[in-house]
1. Relative contact order for the range 3-196: what percent, with Cα pairs under 8 Å and sequence separation of 6 or more?
2. Within the chain, which is the longest segment containing none of the chymotrypsin sites (Phe, Trp or Tyr not before Pro) that sit in a DSSP loop and have at most 15 other Cβ atoms within 10 Å?
3. Dividing the Cα convex hull volume of the range 25-138 by residue count, how many Å³ per residue is that?
4. Could you run the Karplus curve 6.51 cos²θ - 1.76 cosθ + 1.60 with θ = phi - 60° over the range 166-181 and give me ³J(HN,Hα) per residue in whole Hz, x for Gly and Pro?
5. Past 28 Å, Cα to Cα: identify those pairs from K3/K233; K21/K129; K21/K91; K282/K356; K233/K383; K91/K194, in the order given.
6. Taking 8 Å as the Cα distance limit and 6 or more residues as the minimum spacing, I'd like the relative contact order of the range 266-307 as a percentage.
7. In nm, to one decimal, how far is the modelled label at Y373 from the one at D348, with both set 7 Å along Cα→Cβ?
8. List the trypsin sites (Lys or Arg not before Pro) within the range 37-139 that fall in a DSSP loop (any state other than H, G, I, E or B) and whose Cβ has at most 13 other Cβ atoms within 10 Å.
Amino acid sequence: MDKIAIFCSASDNIDPVYFDKARELGTWMGQNGKTLIYGGANIGLMECVARAAKENGSMVMGVVPTKLEERGRVSDLLDVTFRTDNLSDRKDVMLHEADVVVALPGGVGTLDEIFHVMAAATLDYHHKKVIFYNINGFWNGIVEFLKGLETQHFAHHPLNSYYAVADNREELTELLKQISLLLMMTSIHELLKKEAEAVLNIPVSDAYEKAVALIVEQVHNKRGKLVTTGMGKAGQIAMNIATTFCSTGIPAVFLHPSEAQHGDLGILQENDLLLLISNSGKTREIVELTQLAHTLNPTLKYIVITGNADSPLARESDICLCTGHPDEVCALGMTPTTSTTVMTVIGDILVVETMKRTGFTIEEYSKRHHGGYLGERSRELSK
């Protein structure tokens, strides 16, 4: 959890203890790498918590309604400014940007923000909590009011599912840590779900039967070898596939596409089979490798694993195995994450189905995998 929204007073005429606690919270946020999201005003507790956070290293994000700008009340501490037409939009932006909300003492505007967040949570628009920072018991009346709503059956669900209370900074920071852990666990479950869905959505066709048959024919029957290749993350997957095939009775090596242009292309021999991996299907080094390989051996066949069935590599391949082109779970949508997961699974499918086709036994496995636990276990099973 990195982004904390603060709802609080914009008044300068309140008990100094509230300023002390706001300053203390802002200092803690800055020292712990948290981002502050708040209403962007240059007065009251808003300015106090923002200044302390900023001075201690926080990024400060202000959500500024038009009326605040018109009145010249926008803080000059803002690193990021979100402009809104009205208070309703301001609340939506703050809620969207924040991981959790902390309510310091405040007036009707602060209450409006709190109940906006809680009401949206009751309808499952989000699962973010409001933490009442109960300085000197400031929020006791509101907490009792919320309990009364439950007692009188005005709440469909326990309202403490949507809020928590911290009577001091130690309790507040502990709650923030607990919420941070829960947010991470939720995020992990979502990542696992997306990756699992991507695997289940890998297109399955007779291309797999053809690929396995080609591997068996070229490598197992004709005594060629499987040569895997890829650039970057795809190259790491290609290396793994090669070593896995080797341990299961199919001689395989990894050929780096760049090194292939500096002499390593000579590893290719008669009856070899290329397995190319490229998410885009148009990686320059891989395209060039196929051209050079065919110059060396015009009859060389190759299988492509790609996320782009209409790519140059896919069109020119003997067999194309498509990943389904899943969206990356990376927060930027750029880093190869989900795509490398499905590439790995496709490699596993080829290995397992080839083992079935060749009748690879545990006795043969033990001869190739002598070391470690697997070597010991395979020898025991082969007795």
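Laboratory data are not the source of any read-out in this text; all were calculated from the coordinates shown. Because the structure is a prediction, the values reported are computed rather than measured. Cβ atoms come from the backbone with ideal geometry, glycine included; neighbour counts cover every protein chain shown.
1. Relative contact order, the range 3-196: 19 percent.
2. It works out to 155-383.
3. 100
4. 10, 8, 8, 5, 4, 5, 5, 5, 5, 4, 4, 5, 5, 5, 4, 5
5. K3/K233; K282/K356; K233/K383; K91/K194
6. 61
7. Taking the two extended label points, one gets 1.7 nm.
8. Passing sites in the range 37-139 are R71.
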